Amino acid sequence: MRSLADVSKAHGDVGPGFDTLRIVLSIGVVATHSVSISYGTAVSDRILHMPLASPISAILPLFFALSGYLVMGSAMRTATLRQFLLLRALRIVPALATEIMLSALLIGLLFSSVSLGAYLADDRLHAYFGSLFGRISLYLPGVFSDNPLPDIVNGSLWTINPEIFCYVFLGLCLSTRIHRHRGLMLASFLALLAVCIVLDYRRNTDLFNVFSYIHVLILAFSAGNVLYLWRDRVPYSPALFAISLVAGLTLIREPYLVYVAVCGLTYCVVYLGFQPLYKPSILKTGDYSYGIYLYGFPIQQAVSNLMPWSREWYLNLLISLPFICVIAAVSWHFIEKPALKLRKSIAPAASAPTAEEPEPLWKSAAVISGLLVYAVLLSRWSGINSFDITLVNLAKYALAIAILTTGGLVISRLKVLPAPRAARV
């Protein structure tokens, strides 16, 4: 039986269905948002608790799993941690920074109910720019205050925090070089899974709690990483796809078992990525999925504000989607694509990097410690890891970071067997 690696090679290491999947998932997010934007959170929460809401709950985990698989391929083709982080920044930051600026200084000024002076002096305006670094703020003073979903300018931004966390976690894997040993990457996935289960148990919350859902997204990304490294051992099987799909959609609503669902859905999205899925010609000129996801929410909120008669989910979707696609296309051609052209100067070779000597001990320690500190900050900003800033707590985290840094340094000095050659997916 053919493996995922065999299928990837047969397609020239380019997954023919991945672009379509990204578009479909991003439009799925927009469709889901149209419900809460049209009716408010009470109605959208009731829908999410319905028995047949599993496909809705699966959209973002599928997105993160797909990203994890593809980004792992990028990491395997990248020679250094610095290159990896710069490549991620080139893909994420330009469009994100543009959206934040437009929301804060254009949409905010046009739709705010407060005076210009009060708007510019408000702390919520200043806090909104923290989203660029993972300290997410969804609100601007007086903006969309009369909408069914009041005050929230861009609800899509909340996933930026777990997304950055995923890159930091994978960055730690690169800095310790365990990303080239699939056994250690599997072990890191299992360790991350154990941490998420313990945190879920301590909070005693259900899946619909945002903190538990953040865990699900992070695990989905990590599952994509692991599947990429083990793709030569995983069969490309319609039967396995069907089993994974049923298990994924059945268990996605179940606390703890949701992590089993994540593994199944990760296989499903990669399986479909190697299918020749249809893609409209108009969408073949660029990758508009990120722009659709990023700009969709504020455009939908603006439509709801300007056209109160459109506050039905299907009307909001039908009216907003053409504008969203146009803005996404503009973003791709004039912001994202020009930024991505800089990749050649950062990582000119698109092949597996050769082995290199480890960096000086002090430099490796500084990098690992810095990534760990950033991970702690991200977890605190997301609310996953709330703690009072006291000397005792700071000492505890300093000790934990020191221990983890030491362990990372030891691992980074071990000689490990390389994972399978990276493929362009």
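So the values come out like this:
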{"item": "Matching residues, the range 76-90, being in contact (Cβ under 8 Å) with a residue 40 or more places away in the chain, more than 19 Å from Leu217 (Cα to Cα) and in a helix (DSSP H, G or I)", "result": "Met76, Leu81, Gln83, Phe84, Leu85, Leu86, Leu87, Leu90"}
{"item": "Selected residue [crowded, with 19+ Cβ neighbours inside 10 Å and at pLDDT 90 or above] from Ile100, Ile59", "result": "Ile100"}
{"item": "Number of the exception - Met76 against (1) modelled with pLDDT under 90; (2) under 24 Å from Ile327 (Cβ atoms)", "result": "(2)"}
{"item": "Test: residue in the range 197-213 that is among the charged types (D, E, K, R), over 18 Å from Leu62 (Cα atoms) and crowded, with 21+ Cβ neighbours inside 10 Å", "result": "yes"}
{"item": "Residue satisfying condition, being at pLDDT below 80, in a helix (DSSP H, G or I), over 22 Å from the mean Cα position of the chain (by Cα) and not polar (S, T, N, Q), within set Lys396, Lys344, Lys363", "result": "Lys344"}
{"item": "Residue ranges of helices (runs of 4 or more DSSP H) in the range 1-65 with at least 1 members within 27 Å of Leu306 (Cβ to Cβ) and out of contact with any strand residue (DSSP E or B) (no Cβ under 8 Å at 6 or more places or on another chain)", "result": "18-39, 41-48"}
{"item": "Residue list for the range 53-75, restricted to those being of a type in the set (A, V, I, L, M, F, W, C) and under 16 Å from Phe221 (Cα atoms)", "result": "Ala58, Ile59, Leu60, Leu62, Phe63, Phe64, Ala65, Leu66, Leu70, Val71, Met72, Ala75"}
{"item": "Selection from the range 172-200 of residues that are among the aliphatic types (A, V, I, L, M), in contact (Cβ under 8 Å) with a residue 12 or more places away in the chain and closer than 22 Å to Arg380 by Cβ", "result": "Leu172, Leu192, Leu193, Ile197, Leu199"}
{"item": "Selection status of Leu227, more than 22 Å from Arg77 (Cβ to Cβ) and touching a Ser or Thr at 6+ places or on another chain (Cβ under 9 Å)", "result": "no"}
{"item": "Helices (runs of 4 or more DSSP H) within the range 167-278 that include 1 or more residues within 19 Å of the chain's Cα centre (by Cα), among the aliphatic types (A, V, I, L, M) and at pLDDT 95 or above", "result": "210-229, 258-273"}
{"item": "Matching residues in the range 103-126 - criterion: being loosely packed, with under 14 Cβ neighbours inside 10 Å, in contact (Cβ under 8 Å) with a residue 12 or more places away in the chain and not in a helix (DSSP H, G or I)", "result": "Ser113"}
{"item": "Test: residue in the range 82-101 that is more than 26 Å from Pro338 (Cβ to Cβ), of a type in the set (A, V, I, L, M, F, W, C) and out of contact with any strand residue (DSSP E or B) (no Cβ under 7 Å at 6 or more places or on another chain)", "result": "no"}
{"item": "Residues (under 28 Å from Ile92 (Cα atoms), touching a Leu at 6+ places or on another chain (Cβ under 8 Å) and aliphatic (A, V, I, L, M)) located in the range 112-151", "result": "Leu125, Leu132, Ile136, Leu138, Leu140"}
{"item": "Residue match in the range 138-150 (condition: among the aliphatic types (A, V, I, L, M), under 30 Å from Leu372 (Cβ atoms) and surrounded by 20 or more Cβ atoms within 10 Å (Cβ to Cβ))", "result": "no"}
{"item": "Positions within the range 134-145 being without any contact (Cβ under 8 Å) to a residue 24 or more places away in the chain and out of contact with any strand residue (DSSP E or B) (no Cβ under 7 Å at 6 or more places or on another chain), in sequence order", "result": "Ser137"}
{"item": "Long-range neighbours under 9 Å by Cβ, at least six apart or interchain, first residue within 8 Å of Gly40 (Cα to Cα) within the range 146-158, second of a type in the set (S, T, N, Q) and surrounded by 19 or more Cβ atoms within 10 Å (Cβ to Cβ)", "result": "Pro148/Ser36; Pro148/Ser38; Pro148/Ser304; Leu149/Ser36; Leu149/Ser38; Leu149/Ser44; Leu149/Gln301; Leu149/Ser304"}
{"item": "Of residues in the range 145-166 being out of contact with any Ser or Thr (no Cβ under 8 Å at 6 or more places or on another chain) and not in a helix (DSSP H, G or I), the one nearest to Leu81 (Cα to Cα)", "result": "Ile152"}
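Yes/no matrix, rows are residues, columns are (1) within 30 Å of Asp13 (Cβ to Cβ); (2) part of a loop (DSSP other than H, G, I, E, B); (3) at pLDDT below 95; (4) in contact with a Pro (Cβ under 9 Å, 6 or more places away or on another chain):
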residue: Ile282; (1), (2), (3), (4): yes, no, yes, no
residue: Val303; (1), (2), (3), (4): no, no, no, no
residue: Phe323; (1), (2), (3), (4): no, no, no, no
residue: Ala349; (1), (2), (3), (4): yes, yes, yes, no
residue: Glu357; (1), (2), (3), (4): yes, yes, yes, no
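The values are calculated or read from the model by the stated rules, or taken from the named source; none is laboratory data. Quick caveat, the model's predicted, so the values are computed rather than measured. Note that each Cβ is placed from the backbone with ideal geometry, even for glycine, and that neighbours are counted across all protein chains shown.
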